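Please treat every number below as a calculation from the coordinates, not as lab data. No experiment lies behind these values; they were computed from the predicted model shown. Cβ: placed from backbone, ideal geometry, glycine included. Neighbour counts: every protein chain shown.
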């Protein structure tokens, strides 16, 4: 096992990794920008190094500064968390070239799945079900022609990148014109894909060691999204039968095996509600924000498992030994104003009280007296409720959110309470357009 690990991230995920390292007896190294000098992850780590000004491009995206800090700290490995450089194959290779271990998949794997065009080709060759997609769109007229060939509705997606950004749905040529006006086809590659109007976003958690062993840890329901970005997740999905659950789990393992995947990752699918068919979307080669719901129902610590796999340990379980208990729901607490189309609301937190009690977990990156910075992602905490049933988990989450008090800034807590009291959500009658159809337009 490692002696010392640098966490190339900030906020709640940096703290999550620090805690896992502490439990494994590993010393931790934090990195921070100027404005994060007094952040919680800096205070909790054994060592900390400044890597630049507030501008994320000059700090948490600064691979050279992070590698330099790791060398000075004599770190054995670097954990990238999620976001920032976590899906950057060049950074992963830099870590390896510097004589350290990258806690994640091999650089070649990251490069393959990071390009959606290459990933779709690899998955098609592996026999995974795919939606109809286009070649890379080079010109406006090319986009119109390919959209007509696929058939509306279509979704315009960037070939590289994630987080649901720069994706636009078009139901006709007029909407396609609007979408094309928002992107630059000359500086970034985009492609078109058939858009399923009534769909559930289902993702499967996988973990794979360096010896060819691959397991799945069930699925997560990620259909509640605003601007194509997840806001609430749960496990298992209420839309899946046991047969469907087995099928999508096997599809995820097939996908991972086809590219010799190692470490922890997620295979994402769209499920057509009308037909019950799954369609491959993408593979995320990192820990996910929503990993906590899987941990709650399986008892598997995914971050500790990441570290053990990276250190060369084999998986200690077989597929039939993975047990699923109850239902878990996660609410992302963002510093945003839901009444103003979810605009970010950075600022000073003057009061902070997080919920507790049985079956409630809070992963947070803030506290009273901390300033939420405008330079980074607006998520400041995650609340996870674990119940015996889905209804039980909903009730526990309502109670937990009712206890959560954050003063000085706007957050998504009131919005989550509205979702949890919505009869359509409570009955399981929702899809990826739920927030647009059933909640305040955003």
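Take the alpha carbon atoms of the range 324-386, find their center, do the same for the range 86-160, and report the distance between the two centers in whole angstrom.
31
Which ordering of 439, 72, 379 is given by a fewest-first count of other beta-carbon atoms within 10 Å? Working shown, then result.
Values: 439 17, 72 12, 379 21.
Lowest count first: 72, 439, 379.
Label-point separation (nm) for residue 274 and residue 426, each offset 7 Å from Cα along Cα-to-Cβ?
Output for this residue pair reads 3.1 nm.
Can you give me the P(r) profile for the range 200-293? Cα pairs, bins 5 angstrom wide beginning at 0, each as a whole percent.
Answer for the range 200-293: a P(r) of 3, 14, 27, 26, 17, 9, 3, 0 percent.
If I histogram all Cα-Cα distances within the range 4-103 using bins 10 Å wide from 0, what percent of pairs lands in each bin?
Spelled out per bin, shortest first, that is 18, 57, 25, 0.
On a C-alpha basis, how far is the centre of the range 258-302 from the centre of the range 51-65 in Å? Whole number, if you could?
29
Where Rh is the Kirkwood radius over the Cα pairs of the range 199-438, the temperature 25 °C and the viscosity 0.890 mPa s, what D in µm²/s does Stokes-Einstein return?
Here the translational diffusion coefficient equals 132 µm²/s.
Going from the alpha-carbon gyration tensor of the range 108-150, what semi-axes, largest first and in whole Å, does one get by taking the root of 5 times each eigenvalue? Spell out each step's value before the answer.
Working: eigenvalues 110, 38, 5 Å².
Each semi-axis is the square root of five times an eigenvalue, giving 23, 14, 5 Å.
Quickly work out the residue 54-to-residue 343 label distance, labels modelled 7 Å from Cα along the C-beta direction, and quote it in nm with one decimal.
1.8
Taking the range 347-417 as the region of interest, what is the percent of Cα-Cα pairs per 10 angstrom bin, listed from the shortest bin to the one with the maximum distance?
Bins of 10 Å from zero give 19, 51, 24, 6 percent of pairs.
Please report 437, 410 as a ranked list, fewest other C-beta atoms within 10 angstrom at the top and most at the bottom.
Listed from fewest to most nearby Cβ atoms, that is 437, 410.
Give the order of 309, 78 when sorted by the count of other beta carbons within 10 angstrom, beginning with the fewest.
309, 78
Modelled label-to-label distance, residue 433 and residue 417, 7 Å Cα→beta-carbon offset: nm?
Between residue 433 and residue 417, the simple spin-label model gives 3.0 nm.
For n ≥ 4 DSSP H runs only, could you compute -39500 (n - 2.57) per run for the chain, divide by its residues and tell me the 222 nm figure to the nearest 500?
-9000 deg cm²/dmol
Just the projected area, averaged over all directions, of the convex hull on the alpha carbon atoms of the range 132-194: how many nm²?
Taking the Cα atoms of the range 132-194, their convex hull projects to 3.6 nm² on average.
Starting from the Cα-Cα distance between residue 228 and residue 19, subtract it from 0.36 nm times their residue separation and give me the gain in nm to one decimal.
In short, 72.2 nm is gained.
Please compute the alpha carbon radius of gyration of the chain, then divide it by the globular-protein estimate 2.2 N^0.38 Å. Two decimals is fine.
0.95
How much FRET efficiency would the formula 1/(1 + (r/R0)^6) give for residue 198 and residue 72, where r is the Cβ-Cβ distance and R0 is 45 Å, rounded to 0.05?
Result of the calculation: an efficiency of 0.25.
Could you work out the percent of alpha carbon pairs in the range 223-344 separated by over 25 Å, rounded to a whole number?
On the way: 2275 of 7381 pairs.
Within the range 223-344, distances greater than 25 Å cover 31 percent of Cα pairs.
Consider a paramagnetic label point 7 Å from the Cα of residue 389 along Cα→Cβ; state which residues of the range 415-432 have an amide N under 20 Å from it.
Hits in the range 415-432 for residue 389 at 20 Å: 420-430.
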